[in-house]
Every structure is written in structure tokens, then in C-alpha cells.
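The values are calculated or read from the model by the stated rules, or taken from the named source; none is laboratory data. Computed from a prediction, not measured in an experiment: that's the story for all the values here. No Cβ is skipped: glycine too gets one built from the backbone with ideal geometry, and neighbour counts run over all protein chains shown. For the accessible areas, the whole protein counts, side chains as well, though only heavy atoms, and no ligand, DNA or RNA atoms are used. Shrake-Rupley method; radii C 1.70, N 1.55, O 1.52, S 1.80 Å.
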Amino acid sequence: MMAENTSGGVGARDTFTGKTAFIISCIGSAVGLSGIWLFPYRVSEMGGAAYLIPYLIFVVLLGLTGVIGEMAFGRAMGTGPMGAFAKALEMRGVKHGSTIGKVLGFVPTVAALGIAIGYTVVLGWFLKYTVAALTGSLLNVPDVGAYFGELATDFGSIGWHVAALVITLAVMLAGISKGIERLNKVMMPLFFVLIVIIGIRVATLPGAFAGYEYLLVPRWEALSDPKTWVYALGQAFFGLSLAGGGTLVYGSYLKKDVDVVSAAKNVVVFSTIAALLSALVVVPAVFAFGIDTQSGPPLLFIALPQVFQQMPMGGVFCFLFFLAVVCAAITSLVNLFEPPIEALQEQAHLPRWAAVLITAVVALAVGVFIESGDAVSNWMDAVSIYAMPVGALMAAVMFFWVCPKGFAKAQAQLGREKEIGRWFEPMTKYLFVGITAAVIVLGIFFGGIG
């Protein structure tokens, strides 16, 4: 069956135009809210620079196994999780493999939609703050906590929520090369430029040095605490968007001559740089004005606006910061919405516009009921603790264990001149699958690790 193109007619499957476009889009999916509002807190509270040791170990291991695997799996099968799982089981000769595979592939597809629904609510909050920063009203708010509380309440941000959904799905409607690719080519460089500009400004603040010291001086005793390693694992795993969904689907739009090993290395490097830059902005800024470092929404929506209120030219930098965060959120969100949209196109044989419309209706119908801070937090915790790592584990088992021996390595080798070493198969089949299983267990035990 031929995939249907973005206009709704039957035609060749849309693809990324080249390696650079694909890499930038994958970086966009990895540079998300976890790196901006969770990484600065984790690295500062869990040993400073010492935390970077387990984090970098895990991010390299996962990048060279899981990220490569999901990219190569998607490209090999030319379809998303449902179709890829079905083809893997058919290759193995499993009876009714196609049907079973599609049922199993439904898990990472729905997981992606679930986390996208929560992200859309949060993007709506960011849009509100960005506009308020642009008009200057945010800097005149006397009680930022109350301001955020009014927004993050039941049915408290429907207009902004709808705006976030419309903006994101308008990009999805344009397809891969004309929509997702073009968005990332603009927003990812813009994100890095803005975050560097803000970082330079923060460096000039009196008291910022104490934040750098707290952030960068290693506290080696933290390495003896198992939680440091557990949360570093969670940060690396979820920060690389490993879920058997978005990265796999992006891989399905990838041409055969692209080196996925090189692409994965770039994703690891730039997602790590983005997280580090965010930490170098956030932690010194809150230290400069004596505000506690916090994790999650309170950091971005309550603490940082208070920083900008006290900063000279705070209005300008407040707007630039929230614009940068919007860039990161949208590029992550299009990656999360693509698996269900692709599934509706491929499995239900719908034109892209219909798949986007159905996804939008479902996302809004569910999302309006989780607009409060507690509701969206609980929703995203449930999806990230259970569905996302299970989806990643399923994809890993399908590609590295169910597909014929040597198939995964051969697919990862496509487009690469230098031969992949003997490390690939044992590290993917045993180490990555084992780590992913551990993420599921640890996530349930700790109530979330990413």
C-alpha cells in the first residue's frame, strides 16, 4: 500500500529532505520541558557537577543504543509503531503477527498522544506568559503564584490551550518536509540563540557567581546516593525521547543514505548542551535574587518571573526566555503528535488532514479536563511512568530480539561508511533492553524518575 501524502491523495510517503533536517528535528524532539524545568533542579540539588557523571554515562549509553535503534527500526519498516511491530512479527513468522503487532504497537502510539495532550496544556500556559511578557503585564503582577494559580485551574486556560493546539497541529497539517522540518529549522536555532543571549545577561547579575558555584562545584558524596544514579538515568532516558513512538516515526520518514549512528550522536550532544545551557541560565538567576530552586512548573511559572521582575531590562529578557521555552515545547510536541497522526494515516487509510483533525478533537476533548496544575501533573506522571517506557521496551524487543539475527545492525549500518563495531548487538539486546526494563521498575517504585 502506498502512503497517502499530505494533501490527502495517494502518493509517495513524505520524508525529511536530508540528514541535517532529520537531525535538527530529532534534536527538537529531545530539547523539551524536562531539560528546562527539571534538569537545572536535579543537577544543582544532586551533587552539582558530580551529577553530570552518571547523567553523561547514561545519555551516551542510551543514545548509542536506544536512539539509534528507534531511528533504524522506523526507517527499516517505513512506518510507525503499529506497522513496524506488525512487520517484525511477520518476519519472525508469528501466526497472526500482523494483527498482534498492531495491537502491541498501539501502546507507544497512545503513550505519545497521552503525553502530547498534557504538553499542549502546558504550552498554553507558556503562550499566555509569552504574550504577557511581551505586553509587559507579567512584570507588573504583584503575586506571581496567585497569577499562575488562576491559570492552572480547572478550565482556567481553555483559550490558550486551544491556541497551543491550533498552532501545533497547523504545523502537522503541512506534513513532514513542509511542516515539521521547516518548524524545527527555525525554532531550534532560535532556541539556542535566545538561551545563549539570556545566559550572557544572567552572567552579569550580582550574585550569579554563587549560583554557578552551587551548580558546577562537584559534591562527590552525591555519587554514593543511589537516587543520584536513578534520577540521572531517568533524566537521560526521557530527555532523549525514548518511547518507541516519536523517534521511531521520524525514522520512518528517513532516507536510506543517512547515517543514523552519526545522527544519534548529534541528538545526544545537542540535547545535553540544551539542558546544560538551561541550567546555566536558571540556577544563577534564582540565586542572584535569593529565590529557591524548585523543580517543575513552579520554577518557570513562579520563580523565574519574580527574577525578571527584579532584573534591569527584565521585560525584554522575560519575553526572550518564554519565547525560547515555547520553541522547545512546540518542537517536542510535534514529535509527540506524529505517532497517532501517522497511525491514522497508515492503519485507517485516512488523508493527513483527517488524521490531524481527529487527533485535535481527541486531544482537546481530553485536555480540557486536565487543565489544573495537579490534574495535568498526575496525567503526565501516569503516562511517563507506565506507558512511555513500556513502549520503548516493546520497540527494543521487537527490533533487537524479534527481527532476525543481524537485521538491526544491518539497518543501523545503512548510510554509514565505517562499520559498526561488535559492541552494537550485546549493548542493544542486553544492556539497553535491561536498562529500559529497569526504568519501568524504578519509575513505579519512585513514583516517576523523569
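Relative to the first principal axis of the alpha-carbon coordinates of the chain, what is the inclination of helix 68-77, with its axis defined by its Cα atoms, in degrees from 0 to 90 and to the nearest 10? So the inclination is approximately 40 degrees.
Where Rh is the Kirkwood radius over the Cα pairs of the range 149-227, the temperature 37 °C and the viscosity 0.692 mPa s, what D in µm²/s does Stokes-Einstein return? This corresponds to a translational diffusion coefficient of 191 µm²/s. Note that the chain shows a convex hull volume over its alpha carbon atoms of 128 Å³ per residue. Among Glu90, Glu342, the order of accessible area from largest down is Glu90, Glu342, computed with a 1.4 Å probe on protein heavy atoms. Using a simple spin-label model with pseudo-atoms 7 Å out from Cα toward Cβ, Ile197 and Lys95 lie 6.4 nm apart. Based on DSSP H segments of at least four residues, each scored -39500 (n - 2.57), the chain has a per-residue ellipticity at 222 nm of -21500 deg cm²/dmol. If you average the C-alpha positions of the range 121-180 and of the range 75-107 separately, how far apart do those two centres end up, in angstrom? With the range 121-180 and the range 75-107 each reduced to a Cα centre, they are spaced 37 Å. Note on the range 24-114: Rg/Rh from Cα positions, Kirkwood definition for Rh, rounded to two decimals, is 1.12. Angle of helix 226-239 to the longest C-alpha principal axis of the chain, folded into 0 to 90 degrees and rounded to 10: 70°. So how tilted is helix 373-382 from the main axis of the chain? Cα-based, degrees 0 to 90, rounded to 10. Once rounded, one gets 30 degrees.
Averaging Cα coordinates gives a centre for the range 27-74 and one for the range 181-204; these two points are 19 Å apart.
For the range 231-368, the fraction of 1.4 Å probe accessible surface lying on carbon and sulfur atoms is 71 percent.
Which residue, chosen from Val362, Phe400, Gly421, occupies the Cα position most advanced towards the positive end of the dipole of the chain, where the dipole is computed from +1 (Lys, Arg) and -1 (Asp, Glu) charges on Cβ about the Cα centre? Most positive-ward Cα: Gly421. The phi torsions of the range 85-93, fed into the Karplus equation with coefficients 6.51, -1.76 and 1.60 and a -60° offset, translate into couplings of 4, 4, 5, 4, 5, 5, 4, 7, x Hz, rounded to whole numbers, with Gly and Pro shown as x. The chymotrypsin sites (Phe, Trp or Tyr not before Pro) of the range 65-158 meeting both criteria, a DSSP state outside H, G, I, E and B (loop) and at most 11 other C-beta atoms within 10 angstrom of the site's C-beta, are Phe155.
Per residue, the average separation of C-alpha pairs within less than 8 Å and at least 6 apart gives the chain a relative contact order of 35 percent. In the calculated pair-distance distribution of the range 77-146, the portion above 16 angstrom amounts to 64 percent of the Cα-Cα pairs. In the elastic network of the chain, a GNM with C-alpha springs shorter than 10 Å, the most mobile of Ile68, Ile100, Ile440 is Ile100. Amide H to amide H distances under 5 Å link Gly448 with no residue, where only residues 5 or more positions off or on other chains count and H is placed in the peptide plane. Surface analysis of the chain yields an accessible area of 37 Å² per residue, using protein heavy atoms and a 1.4 Å probe.
Summarised in one figure, the compactness ratio Rg/Rh of the range 207-344, Cα atoms and Kirkwood Rh, is 1.03. Normalised by 2.2 N^0.38 Å, where N is the number of residues, the alpha-carbon radius of gyration of the range 256-318 equals 1.56.
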